[in-house]
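What follows is one structure encoded as structure tokens, with my remarks underneath.
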Amino acid sequence: MPISKQIFYNLLIIFFGLTQFQFSQKNSIDTLISIYKNDNKNPENIINIGELYASEKKWDLAIDFYEKLVALDPENADYLYRLGGTQAAYSEVVSKFKVLPLINNAKRNLIKSASLDNQHIFSRWALVQILTELPKLLGGNKDDALKYCEEILNISKIHGLISYYYFHSFLLDEKKITEYEKRIIELIKSDPALFDFNYFNFIIGKILANQNDKIYNRLSPRYLQKYITDYSSADRFSLDEVYYLLAYSSYKLNDNNSKYFIKVSKEILSKSNSKNHKLVEKINELEKLIIK
């Protein structure tokens, strides 16, 4: 039974969001391996190799190098986080016989990372996703997921609120979803900071776009444009959905850019191999309103 694809894509966002594929653009794997052969204790180079292999979805090779990284410093929270997160991502594609050991190792490394660094948001966020979405048989635990949501909240209020929003969205608890949306909006209103993790930029942009308030509709594109700027193939939310939200915000503001955004959204969608039928319906409905 593979790990949920939602976890898989979210984890990709976490790991690749740190580098925006800079290493895969600047260095070939041959160059990095050559450096490694001359100096196998250079953590920065080992990280670069792991990230490049991960960007190519060569999870077993990425894990191999992250294990070498952890061996250099077994008490380094970031190293353990990288290893644990990659193990969780790899569990999406392995056989059902290998999933449970991988998940258990991933959880063990992420839990140790969190215990070593009481300010490490990344390891806790990965644990929230894994513990929330995995069935109990594979180690899911909703109570523990909430515990890590609370720990994230104590580190960063906005990240914590988004973690709770994520948790209750998975459970389809509309009352809680609305509650946390309101709290997120109030905080963003006072401090509209952008995020390193593109997942968070999308979530905030979407929440703001769906509000019936022009103040928030004007703020929404800031996050959605950031998502587009930082977008990579690892990001979970496709650009057709992002441009739809930009069109929706612009339409609410009576901005003619809505025509351009809906056009781009349709063009991207037409080239997509997998059609999101709900999104198709929303795009068609919005387009009718825009061209009136």
Inset, instruction - Would you mind stating whether residue 164 is part of a loop (DSSP other than H, G, I, E, B) and not basic (Lys, Arg)? - result: no
Inset, instruction - Select from segment 172-217 the residues that are in contact (Cβ under 8 Å) with a residue 40 or more places away in the chain, over 20 Å from residue 250 (Cβ atoms) and not acidic (Asp, Glu) and list them in ascending order. - result: 197, 198, 199, 200
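This table checks each residue for (1) at pLDDT below 90; (2) more than 21 Å from the chain's Cα centre (by Cα); (3) surrounded by 15 or more Cβ atoms within 10 Å (Cβ to Cβ).
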| site | (1), (2), (3) |
| --- | --- |
| 32 | no, yes, yes |
| 50 | no, no, yes |
| 59 | no, no, yes |
| 75 | no, yes, no |
Inset, instruction - Inspect segment 120-142 for any residue being in contact with a helix residue (DSSP H, G or I) (Cβ under 9 Å, 6 or more places away or on another chain), outside the structural domain of residue 235 (by TED's automatic domain parsing), free of Cβ contacts under 8 Å to residues at least 40 places away in the same chain and among the aromatic types (Phe, Trp, Tyr) and give the result as yes or no. - result: no
Legend entry - Which listed residue is crowded, with 17+ Cβ neighbours inside 10 Å, modelled with pLDDT under 95, not polar (S, T, N, Q) and not in a loop (DSSP other than H, G, I, E, B), from 126, 114: 126
Inset, instruction - Please enumerate the residues belonging to segment 194-217 that are loosely packed, with under 12 Cβ neighbours inside 10 Å and either part of a helix (DSSP H, G or I) or not assigned by TED's automatic domain parsing to the domain that holds residue 231 (or both). - result: 215
Inset, instruction - Inspect segment 204-211 for any residue being of a type in the set (Lys, Arg) and farther than 22 Å from residue 167 by Cα and give the result as yes or no. - result: no
Inset, instruction - Would you check which residues across segment 150-169 are touching a residue at least 24 places away in the same chain (Cβ under 8 Å) and surrounded by 18 or more Cβ atoms within 10 Å (Cβ to Cβ) and list them? - result: 151, 152, 158, 159, 161, 162, 163, 165, 166, 167
Legend entry - Close pairs (7 angstrom Cβ cut-off, 6 or more residues apart or separate chains): in contact (Cβ under 8 Å) with a residue 40 or more places away in the chain and closer than 20 Å to residue 124 by Cα in segment 53-78, among the hydroxyl-bearing types (Ser, Thr, Tyr) and buried (at least 16 other Cβ atoms within 10 Å of the Cβ) anywhere: 77/113; 77/123
Inset, instruction - Kindly establish whether residue 180 is surrounded by 15 or more Cβ atoms within 10 Å (Cβ to Cβ) and touching a Leu at 6+ places or on another chain (Cβ under 9 Å). - result: yes
Legend entry - Within segment 218-263, considering residues that are of a type in the set (A, V, I, L, M) and more than 30 Å from residue 89 (Cβ to Cβ), the one surrounded by the most Cβ atoms within 10 Å (Cβ to Cβ): 247
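The values are calculated or read from the model by the stated rules, or taken from the named source; none is laboratory data. Since we're looking at a predicted model, the values are computed, not measured. Cβ coordinates were reconstructed from backbone atoms using ideal geometry, including for glycine residues, and neighbour counts include every protein chain displayed.
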